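Structure first, commentary second.
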């Protein structure tokens, strides 16, 4: 699993090109050899990963706002 996480970090620009399969494959370098099913699975995995990251970011933002509000009260 750690390998996948490393690859996800390298492919960080992929979500910008979601609709462009060709662009996504070229962006991956040697990954153009992957079959379409694997590409689909990778794209789904990336979308789930992005959703998780967006949720975490939104939680962090909410906590920071709460922290700032508490600091102002002091």
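The values are calculated or read from the model by the stated rules, or taken from the named source; none is laboratory data. Everything numeric here is computed off the predicted structure, so don't read it as measured data. All Cβ positions, glycine included, derive from the backbone under ideal geometry; neighbour counts span all protein chains shown.
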- Message: Just to be sure I understand the filter: pairs with C-beta atoms under 6 Å, separated by 6 or more residues or on different chains, first member in segment 21-44 and surrounded by 11 or more Cβ atoms within 10 Å (Cβ to Cβ), second member at pLDDT below 55. Which pairs pass?
- Response: 23/17; 24/14; 24/17; 32/25
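One line per residue, one yes/no per condition, for (1) modelled with pLDDT under 90; (2) outside any helix (DSSP H, G or I):
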{"site": "12", "(1), (2)": "yes, yes"}
{"site": "26", "(1), (2)": "yes, no"}
{"site": "50", "(1), (2)": "no, no"}
{"site": "53", "(1), (2)": "no, no"}
{"site": "59", "(1), (2)": "no, no"}
{"site": "62", "(1), (2)": "no, no"}
{"site": "69", "(1), (2)": "no, no"}
